[in-house]
Structure formats: C-alpha cells, structure tokens
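Here the structure comes first, spelled out in structure tokens, and everything after it is commentary.
The values are calculated or read from the model by the stated rules, or taken from the named source; none is laboratory data. Just so you know, these numbers come straight off a predicted model, no measurement behind them. Every residue, glycine as well, gets a Cβ built from its backbone with ideal geometry; the counts of neighbours run over all protein chains shown.
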Amino acid sequence: MIYVKNVPVWERVLRVGVSGALAGYGLVEVGGFWGVAILAAAIGLALTGLLGFCPACAFAGRRLKPRPRDESGPRAL
C-alpha cells in the first residue's frame, strides 16, 4: 500500500453516506455552477471515505491507533 490509512471505518462509512446526500442536494436543489461545485466536493469526500486516506488529516498529523497483534495464531520458530 502506498499510503497509510488515517480515517477510521465508522468515519469512512459516514463520509460516503454524507457525500451521497450532498451530491443529490447539489444536483437537484442547487444546480448551475454552485451545484457542480457541491458535486465536486461530494466526490472528493466520497474518495476519502472509499480510500480511507484524507490528505487534510495527514497534513494535520492525524494517525490511527495501531491494532493489537493477534497472538493466538501459529508461532514461527
């Protein structure tokens, strides 16, 4: 993987859901230039949710807590 994920799963789901609602609002209710601008923002929000990486969060120094390792599996000798 080229990048390290910095968005937790619950926030990824939220971002994708909100981006769908935002895209619908921009296309149906607003229209014109501002509708397209809202649609572009929704696409960016959806991409950060789908990829799990947010450049703005990375710039701010946000990191996910590392998962504890599973010690129940087979051990290497």
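So if I check each of V28, V36, V13, which one is part of a helix (DSSP H, G or I) and either under 10 Å from the mean Cα position of the chain (by Cα) or on the phi > 0 side of the Ramachandran plot (or both)? I'd like the intermediate steps shown before the answer.
Numbers: V28 fails: either under 10 Å from the mean Cα position of the chain (by Cα) or on the phi > 0 side of the Ramachandran plot (or both); V36 fails: either under 10 Å from the mean Cα position of the chain (by Cα) or on the phi > 0 side of the Ramachandran plot (or both).
None of the other options fit; the residue is V13.
Condition test on A21, is it assigned to a helix (DSSP H, G or I), at pLDDT below 90 and aliphatic (A, V, I, L, M)? When the stated conditions are applied, A21 does not pass them. Within region 28-49, no residue that is exposed (fewer than 14 other Cβ atoms within 10 Å of the Cβ) and at pLDDT below 95 sits with its Cβ atom under 8 Å from a residue that is among the acidic types (D, E) and in a helix (DSSP H, G or I) at 6+ positions apart or across chains.
Go through region 1-10 and give me each residue that's surrounded by fewer than 14 Cβ atoms within 10 Å (Cβ to Cβ) and either part of a helix (DSSP H, G or I) or of a type in the set (A, V, I, L, M, F, W, C) (or both).
Within region 1-10, the first condition is being surrounded by fewer than 14 Cβ atoms within 10 Å (Cβ to Cβ), and the residues that meet it are 1-4, 8-10.
Once the filter is applied, which keeps residues that are surrounded by fewer than 14 Cβ atoms within 10 Å (Cβ to Cβ) and either part of a helix (DSSP H, G or I) or of a type in the set (A, V, I, L, M, F, W, C) (or both), region 1-10 yields M1, I2, V4, V9, W10.
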